[in-house]
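Here is the structure we will look at.
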Amino acid sequence: MAAKAFRRGDKKTAKREANEGKRYKQLYLYEKRSVVERTLASKNSYLNRNQSIDLHGLHESEVEDVLDQYIYGIREKISTGEIASNRGNHRGHCVTIITGKGNNSRNFTPVVKNEVRRYLKENRIGFKEGRDGGYFTINIV
C-alpha cells in the first residue's frame, strides 16, 4: 500500500503506511519471539538448562538465534563461575542439544537437526552426533 501511495505522489500517506508496516513487523517479531520462548520453556521444563536444551517444535529460522543465546549464556555462567566444568579434568562444559530425528517433519526430513548441524559447522563448534540421530553433544569453552 505504501508503494502505491508513493507512486501516486501521495508521500504523506506513503510515509504513514510505511511506518504502520514497520510497527506491524515489530509486533510480529515480538510475538514470534514470545512463542519461541514459550515453546522452549515447555519443552525444557524437565531439563537442567545448564546441561541440555530441547529444540523440538522450533522453526528452522529460529534455531540460530536460540543457539546463539544458549551458548552465550553457558559461556557467561562458566566465566562467572556459576557453573563449573562437567568434563572432569577437561576444560569446558559439555551440553546436549536435542533436535529429534525429523520423524514428524514433512517428508521425514530432519529440519531442526540439519539446521543445528549447519550452525555448529559454520561456527566451528566441535560436536558428536548421538547414535540414534536425535541429538548432538558439544563442549562449550
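The values are calculated or read from the model by the stated rules, or taken from the named source; none is laboratory data. Bear in mind the structure is a predicted one, so any value in this text is a computation, not a measurement. Every residue, glycine as well, gets a Cβ built from its backbone with ideal geometry; the counts of neighbours run over all protein chains shown. These accessible areas exclude ligands, DNA and RNA; they are computed on the full protein's heavy atoms, side chains included. Shrake-Rupley method; radii C 1.70, N 1.55, O 1.52, S 1.80 Å.
Quick notes on this one:
- Solvent-accessible area assigned to carbon and sulfur over the range 47-140 amounts to 44 percent, based on a 1.4 Å probe.
- J(HN,Hα) series, the range 3-16, from Karplus relation 6.51 cos²θ - 1.76 cosθ + 1.60, nearest Hz, glycine and proline x: 5, 5, 4, 5, 5, 6, x, 8, 5, 5, 5, 4, 5, 4
- Within straight-line cross-link reach of K25, lysines at Cα separation under 18 Å, skipping those fewer than 8 residues along the same chain: K15
- The length gained on full extension between Y24 and C94, counted as 0.36 nm times the residue separation minus their Cα-Cα distance, comes to 21.2 nm.
- Among the trypsin sites (Lys or Arg not before Pro) in the range 94-125, those placed in a DSSP loop whose Cβ has at most 15 other Cβ atoms within 10 Å are K101, R124.
- Solvent-accessible area per residue for the range 1-46 (1.4 angstrom probe, square angstrom): 86 Å²
- Near I140, the amide H atoms lying under 5 Å from its own belong to H93, C94, V95; only residues 5 or more places off or on other chains count, and H is placed 1.01 Å from N.
- Whole-Hz Karplus values for the range 53-58 come out as 9, 9, 9, 3, x, 7 Hz, taken residue by residue from phi with 6.51 cos²θ - 1.76 cosθ + 1.60 and θ = phi - 60°; glycine and proline positions read x.
- Calculated from backbone phi, Karplus (6.51, -1.76, 1.60) coupling profile of the range 59-73 in Hz, x at Gly/Pro: 7, 4, 6, 9, 4, 4, 5, 5, 5, 4, 5, 5, 5, 4, x
- Among E31, E76, E20: highest mean-square fluctuation, GNM of the chain, C-alpha pairs under 10 Å: E20
- Dimensions in Å of the chain - Rg and Dmax from alpha carbons: 20.3, 70
- Spatial separation of Cα centroids for the range 1-60 and the range 91-136, in angstrom: 25 Å
- Counting only residues at least eight positions apart within a chain, or on another chain, the lysines with an alpha carbon under 27 Å from that of K77 are K32, K43, K113, K121, K128.
- Choice from N50, N123, N19 showing the highest fluctuation, given a GNM over the chain with Cα pairs closer than 10 Å: N19
- Apolar share of the accessible surface for the range 1-46: 57 percent from carbon plus sulfur atoms, 1.4 Å probe.
- Taking amide H positions as modeled 1.01 Å from N, with prolines and chain starts lacking one, the residues under 5 Å from I83 and 5 or more places away or on another chain are I78.
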